[in-house]
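Since every read-out is calculated from the coordinates, none of them should be taken as a lab result. Being a predicted model, the structure only gives us computed values, none of them experimental. Every residue, glycine among them, receives a Cβ derived from its backbone with ideal geometry; neighbour counts consider all protein chains shown.
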Amino acid sequence: MTPNSNFLIPRTTDEQVVASSWERFLLNRPLPGSSVRSVVLDSWRRSRSEAVDPACGGAPAASGDQVRLLRESACDLYEAARPVLENLRGILRESGTLIMLSDPSGIILDLNGESRARNAGEQINLAPGGCWSEERIGTNAIGTAIATHEPVQIYASEHYCIDVKQWTCAAAPILDPLGRTLLGVVDVSGVKETFHGHTLGLVISAAKQIEGVLARRDAEAHGRLLQHAMDGFSRHGNDCVVLFDHRGRIVKTSGSMQQAREMYGVRLPFEAGSQVPALNLGLSSDDRRRCAPGWLRPEWLYPVSSRDGELGTLLAIPLGVPRHQTVSMPALNGQGQPEPDVFAEIIGTSTAIVTAKARARRIAPLDLPVLLLGETGAGKEVFARAIHKASSKPEGPFIAVNCGALTRELLASELFGYSEGAFTGARRGGLPGKFEQADGGTLFLDEIGEMPLDMQPHLLRVLQDGVVVRLGDTRERKVAVRIIAATNRDLQTDAGVGRFREDLFHRLCVVSLNLPPLRERPDDIDGIIAHLNQRFAEKYGCPQKNLAPELLCHLLRYRWPGNIRELQNVFEAMFALSDGQHIDGSLLPPHIAAASMNVVLAGGEVTPAMAAGRLAEMERAAICAAVSDARGNLSMAARNLGISRSTLYVKLAAMRKPPPAAA
């Protein structure tokens, strides 16, 4: 029986037929019928055209330094592939095979397998640094997968070079999820006795898993890149703007590419995902300069960075100002004065909050859904109201709904409304829901992550179609509502595990805004306290109050897990309970005093309270908190306080003694 040329998996029974055909091929004799699979025959032809020596004793090798540099340049691929290949190794642990990863040129970057298989592989340089491209070693799974961009399995005599014919291998290409360029190859190889047809399926699955990891990482990286590049698109609104990620791939374009081509000879691909090597940050600066096209001018390039490093590059090609462009001026109110900045009401001058406000200002005029991300109490509703006031429809209604505070039934009727008779107790004539009430304005959906899963499709339909149907009704009502949602949950993770609909997440998260917790902007606490002091003075009809220095130290040192809401509640309670115009440390909640004392003990700090003779009171609070945190374990409490256990016993005994009687 002769092999079928269309078989994806080779048949071991055809080994002698293939071996005979290989000999005839080398002698330029015609081959009988379909004696060799077409994928193999095509590879033999490429090998011959590259003048590969069939008697070659093994693959050439790169040096250790070259392999190290290649791994560094392919670090994204290397890190994404490592856990997948480790899992594949576990599956094939007893099979006597080698599991490996190569770069796009066929050089093996990583290899795992039992020692006997590794020793055998080293005889033909099937080892880290070995180059297994078709141009260097002829037909083999790695090289043929690179040449075809398709998965392939090669068995024994199908190899081109004699010394490799005792092996079998299966390989699958790893393609860039965005641009579909080749990133590398995953391969499983062993002596021919280890052949199994299922191996091809395993490497295909592994390659797809690696592509999936890369796709998720790309999506996250591109999201951060777009966030940091929005200002650049606004600033260069009249130019041709192209955004590249850290690998030099096109992520977004704006403006006329054709005009840039005509004015400067720009030659850029139009498709997202296409790569420009000169903007690949993974290459050295010398390599980038060498491959830079002649039309690319350095003054057109703007790096896009975050605290974590460079995210990509913005290319802004100037096209000139249109002849009839009008210059926009700040909006004026009735008295001819500029409109007040609604974001000025958000207190703070730290870098974190200034960055958040700047992004919110850019987001506000865009008629897009916004997802506010931040911890409980970080000020999400304050930002939502400011975005609404700075939007194109500030005169429209602003309606807020807490999705986590209502039962499923109440939330459905709140959002969508109900018709007369929809349920027992329904109001005569029915009631419009929040979507209808927010028509022409903004609907703020707080704690959106708590929305019941079975309600989410109904919300998605309203967002997609702009149509709402009341409970118990069939009439469709058109609504035009901007959605601002907020959550303290990781919705992307929830969507990945099925706790939140992925399509709804992407619909809500068109633009996102991260709000920093209060502990990440401690410089703002003093200003917030001053603002609260003024506000509560107006509320309670009294002058602002003075804070004792030690009290202010406690407030500035505390980490505020409840963020601004917790600070506001604590300060209002102290303000309302204080006598006269002074707030002292006696009104401070014990847990805040104890937490502050722990910081003092850890850092050896001397506070105004200590200087004022209040050390005993603070020490008592710190000891009580430490014993409570240790659940009564005095050894642990002593360690946490940084004192010996015997010292802690003495202090506890002193605390239990009644105070001396007044003279």
Beyond 40 Å, what percent of the Cα pairs of the chain remain?
-> 55 percent
Sorting THR493, THR313 on the 10 Å Cβ count, fewest up front, what's the list?
-> THR493, THR313
What is the distance in Å between the Cα centres of segment 522-556 and segment 1-61?
-> 84 Å
Phi angles of segment 205-221, converted by Karplus (6.51 cos²θ - 1.76 cosθ + 1.60, θ = phi - 60°) into ³J(HN,Hα) in whole Hz with x for Gly and Pro, give 4, 4, 4, 5, 4, 5, 4, x, 4, 5, 5, 5, 5, 4, 4, 5, 5
Taking a threshold of 26 Å on the Cα-Cα distance, which of the pairs LYS389/LYS539; LYS357/LYS393; LYS380/LYS434; LYS380/LYS478; LYS380/LYS539; LYS393/LYS478 fall above it?
-> LYS380/LYS478
Report the calculated FRET efficiency for ASP465 and ARG408 (r = Cβ-Cβ distance, R0 = 25 Å), to the nearest 0.05.
-> 0.70
Rounded to whole Hz, the Karplus (6.51, -1.76, 1.60) HN-Hα couplings of segment 153-168, x for glycine and proline = 10, 10, 10, 6, 5, 6, 5, 8, 9, 4, 5, 9, 6, 8, 10, 10
So who's got an amide H within less than 5 Å of the one on ALA400, skipping anything under 5 residues away but keeping other chains? H placed 1.01 Å off N, in plane.
-> PHE444
Just from its helices, what would the mean residue ellipticity at 222 nm be for the chain, if runs of 4 or more DSSP H residues each count -39500 (n - 2.57) and the sum is divided by every residue, rounded to the nearest 500 deg cm²/dmol?
-> -12500 deg cm²/dmol
Could you state the orientation-averaged shadow area of the convex hull built on the Cα atoms of segment 1-103, in nm² to one decimal?
-> 9.5 nm²
For segment 121-188: rounded, prolate or oblate by the Cα gyration tensor [a/c cutoff 1.5] | prolate
Any chance you could check the Cα centroid distance between segment 148-220 and segment 439-480 for me, in angstrom?
-> 47 Å
Amide H proximity to SER105 below 5 Å, modelled H, separation 5+ or other chain, gives none
